[in-house]
Each structure stands twice: as structure tokens, then as C-alpha cells.
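I have placed the structure first, in the form of C-alpha cells, so that the comments after it can refer back to it.
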Amino acid sequence: MISINTDLRRKILENNEDIKKCYQCSTCSASCPVLKYDPDFNPRILIIKALYGSEDTLKSKEFWKCLSCDRCNERCPQGVNPYNVLLKLKNFLFSQNLAPKERIDARELIITSGFSYPISSAVNRKRESIELEALESIGEELKKIVGTEGAE
Ligand code: SF4
Ligand code: SF4
């Protein structure tokens, strides 16, 4: 039995009515570098499940495997922008606190330091050994740019 999440469906359709034009031609799947190596990841199937707001889509979390390469967006003959749909799914999960912990941690790290990995003394020693400048957190500058300074 298919379980429908109406909030998800509304979110997906928000500014993205073109998803209704998907005629399941599979051009996105044929273009996808992930599907080439992982048959469990199929943009065409994710699109139809997202269109109907299937809970299954959220539980499978397959879409986290998307590489954001944009090939499906460029090639879709219907202007569905499959990658944008997957991005909305990710944003929806973040907004519902349903994103995987490692994704939430990575986002926090980027927001607080500007880097997607921890800046450690070991990293900086390695950089120094090949005459590269030490890395420093740019979290404060980021706060000013995205306007979160003083928000806490
Ligand atoms: S999203 Fe576009 S490319 Fe993919 S199946 Fe639908 S119409 Fe075809
Ligand atoms: S953006 Fe994602 S879904 Fe689209 S082709 Fe690239 S990896 Fe596949």
C-alpha cells in the first residue's frame, strides 16, 4: 500500500509545477552517473514517487546519493528539473528533522567554519609541509554574509 505525505507533495509542487509534465521517458535515468553504478538509485522512479508525495521516498533516502551533477536537468525534455526536485526532498527532510545525522553534522560544520571537514592541527601540519597556508575558520564572516549574526 502506498502511503502519501501531503506536506511533502505540497512542498515538491511549490514553484515546481513542471514536475507534473514528467512522462516517465527515463532520459534522466539514462543520463545519471549514479544509476550507472547503483541500480537502486533511479531518478525517474524518485520523480514519480515525489510527485505523489510517497512516504516511501522519504524512507528510502536513496536521493542522498545524488551527486548534484545537473545532467538530468540539462537533458529532461519536459523541463521537470529532476535535480531540483531531489534538492527539495532534501530540504524537506532537513525542515522535518529527518535528514541523516551525518548530513546534519556536515551542515553545522559548514555553517560554523566554512569547511565541510574539521580543521585540525594535523591538517595544517600537512599543509605546512607542502608550503600551503594554514586553514582558519571563516565562520564569523559567514554569519555576517548569511545574516545569522546575533540570531542566537
Ligand atoms: S523527469 Fe524528465 S527525463 Fe526524467 S522521466 Fe520525467 S520527463 Fe523523462
Ligand atoms: S543531478 Fe543527481 S539525479 Fe541528476 S543526473 Fe546528476 S546524480 Fe543523477
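The values are calculated or read from the model by the stated rules, or taken from the named source; none is laboratory data. Remember, it's a predicted structure, so these values are computed and weren't measured experimentally. FYI the Cβ positions are ideal-geometry reconstructions off the backbone, even for glycines, and counts take in every protein chain you see. Just so you know, the surface numbers come from the protein's heavy atoms only, side chains and all, with ligands and any DNA or RNA stripped out. Shrake-Rupley method; radii C 1.70, N 1.55, O 1.52, S 1.80 Å.
Just checking, how many residues over the range 103-126 are open to solvent by 60 Å² or more (accessible area, probe 1.4 Å) and either of a type in the set (Asp, Glu) or over 30 Å from Leu93 (Cα atoms) (or both)? If you could, list the steps in order and put the result at the bottom.
Kept after step one, since they are open to solvent by 60 Å² or more (accessible area, probe 1.4 Å), are these residues of the range 103-126: 103, 105, 107-108, 110-112, 116-118, 121, 125-126.
In the following step, the residues that additionally are either of a type in the set (Asp, Glu) or over 30 Å from Leu93 (Cα atoms) (or both) were identified as 105, 108, 121, 125-126.
Adding up the residues that qualify gives 5.
In the range 75-117, how many residues are closer than 19 Å to Arg9 by Cα, assigned to a loop (DSSP other than H, G, I, E, B) and at pLDDT below 90? Before you say what the answer is, go through the steps one by one.
Of the residues in the range 75-117, the ones closer than 19 Å to Arg9 by Cα are 79-99.
Filter once more, so that each one left must be assigned to a loop (DSSP other than H, G, I, E, B): 79-81, 96-99.
Remaining after also requiring at pLDDT below 90: 96-99.
Summing the residues that are closer than 19 Å to Arg9 by Cα, assigned to a loop (DSSP other than H, G, I, E, B) and at pLDDT below 90 in the range 75-117 gives 4.
Phe94 versus (1) closer than 24 Å to Thr27 by Cα; (2) open to solvent by less than 80 Å² (accessible area, probe 1.4 Å): which is the lone unmet condition?
(1)
Starting from residues that are open to solvent by 60 Å² or more (accessible area, probe 1.4 Å) and not in a helix (DSSP H, G or I), keep the ones in the range 25-64 and report whichever is nearest to ligand 1 (Cβ to nearest atom).
Only one residue tops the list, namely Cys25.
Please state which of the following conditions Ile19 fails to meet, knowing it meets all the rest: (1) in a helix (DSSP H, G or I); (2) under 24 Å from Thr6 (Cα atoms); (3) more than 8 Å from ligand 1 (Cβ to nearest atom); (4) open to solvent by less than 80 Å² (accessible area, probe 1.4 Å).
The number of the failed condition is (3).
Filtering the range 1-16 down to residues that are over 20 Å from the mean Cα position of the chain (by Cα) and not hydroxyl-bearing (Ser, Thr, Tyr), which residue is least open to solvent (accessible area, probe 1.4 Å)? Talk me through it step by step, then tell me what you get.
Start the filter on the range 1-16 by keeping residues that are over 20 Å from the mean Cα position of the chain (by Cα), which leaves 1-4, 6.
Now restrict to residues that are not hydroxyl-bearing (Ser, Thr, Tyr): 1-2, 4.
Values: Met1: 228, Ile2: 129, Ile4: 86 Å².
Looking at residues that are over 20 Å from the mean Cα position of the chain (by Cα) and not hydroxyl-bearing (Ser, Thr, Tyr), I get Ile4.
Mind listing whichever residues of the range 67-91 are within 15 Å of Cys25 (Cα to Cα) and open to solvent by less than 60 Å² (accessible area, probe 1.4 Å)?
Cys72, Asn73, Cys76, Gln78, Gly79, Val80, Asn81, Pro82
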